[in-house]
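Here the structure is laid out as structure tokens; the discussion comes afterwards.
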Amino acid sequence: MGDRVLDISGMDIPSKEGRVSDAEWQTRVDLAAAYRLVAHFKWDDLVFTHITARVPGEEDRFLINPYGLMFDEITASSLVKIDLQGNKLDDSPFPVNPAGFTIHSAIHSARHDAQCVLHTHTLNGIAVSAQAGGVLPLSQQSIFILASLAYHDYEGVALRDEEKPRLVKDLGRATYLMLRNHGLLTVGATVADAVLAMYFFETVCTIQVRAMAGGVPLTHVDPRIIQTAGEQARGATRGMGAGALTWPGLLRRLDRIDDGYRR
């Protein structure tokens, strides 16, 4: 099984199954699935966004996309392992997105509860990030985002280490970060949690763009309801959390489309 070879974009990528720990392999499969889901939901921006996951048992080592592969091409074995300095720790032929490393390394270093960090450049997400009011309490979905939302002002393409402290400070303990004029970011204790957080974040932005396009006065959710969002979320998912509840079904959906991410 470990000798199986994958052909991606004309390149032979040896399978890492059986060559890494079981925990790392499972994280690789989940992270590859996350990339495929981002492509499936059309949240991808060609190759220019990124998702990272901490390697289990290796506190300062992370998995990130091979820069240059489309998200629907990414597999568990093609993911690149890096350290906090951005150094590749395996023999991947692919480079790492420098902006992806800057943003994600900052968050992973400061938030040890953030096992996965997901960043997108969706049209609706950027549209709302450019609105002075940010996320508005317009929908049921919005209450969960507003209960744990932070903002970070745009400083140009995220390539400079000096931006890291400001990014970390702005995120604080939030789950959702709106990068002004840039896009959306979520963190999760698992890959599934980060993906589901992004699903709701993107949904909220899409609803807001459509609601505002109607050109009529909008009804806002009572702030008192937002204050109980956490309790409502636990009740709606029967205490499981949205990630754990929906992840198996999302993987089944992917498997019906193409199970190549598992290789």
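The values are calculated or read from the model by the stated rules, or taken from the named source; none is laboratory data. Please read all numbers here as calculations on a predicted model, not as lab measurements. Cβ coordinates were reconstructed from backbone atoms using ideal geometry, including for glycine residues, and neighbour counts include every protein chain displayed.
For the range 77-101, the tally of residues that are free of Cβ contacts under 8 Å to residues at least 12 places away in the same chain and basic (Lys, Arg) stands at 1.
Among the residues of the range 71-91, those identified as surrounded by fewer than 18 Cβ atoms within 10 Å (Cβ to Cβ) and either in contact with a His (Cβ under 9 Å, 6 or more places away or on another chain) or among the small types (Gly, Ala, Ser) (or both) are 72, 84, 86. Number of residues in the range 93-115 that are of a type in the set (A, V, I, L, M, F, W, C), within 15 Å of the chain's Cα centre (by Cα) and farther than 16 Å from residue 160 by Cβ equals 1.
Just to be sure, is residue 125 closer than 18 Å to residue 201 by Cβ, in a loop (DSSP other than H, G, I, E, B) and at pLDDT 95 or above? No. For the range 102-128, the tally of residues that are over 19 Å from residue 57 (Cα atoms), small (Gly, Ala, Ser) and without any contact (Cβ under 8 Å) to a residue 60 or more places away in the chain stands at 0. Restricting attention to the range 238-250, the residues being buried (at least 18 other Cβ atoms within 10 Å of the Cβ) and either at pLDDT below 80 or among the charged types (D, E, K, R) (or both) number 3. Could you say whether any residue in the range 190-198 is surrounded by fewer than 17 Cβ atoms within 10 Å (Cβ to Cβ) and touching a residue at least 24 places away in the same chain (Cβ under 8 Å)? The answer is no, given that none of the residues of the range 190-198 is surrounded by fewer than 17 Cβ atoms within 10 Å (Cβ to Cβ) and touching a residue at least 24 places away in the same chain (Cβ under 8 Å). Annotation: residue 235 fulfils all but one of (1) at pLDDT below 95; (2) surrounded by 12 or more Cβ atoms within 10 Å (Cβ to Cβ); (3) in a helix (DSSP H, G or I); the unmet one is (2).
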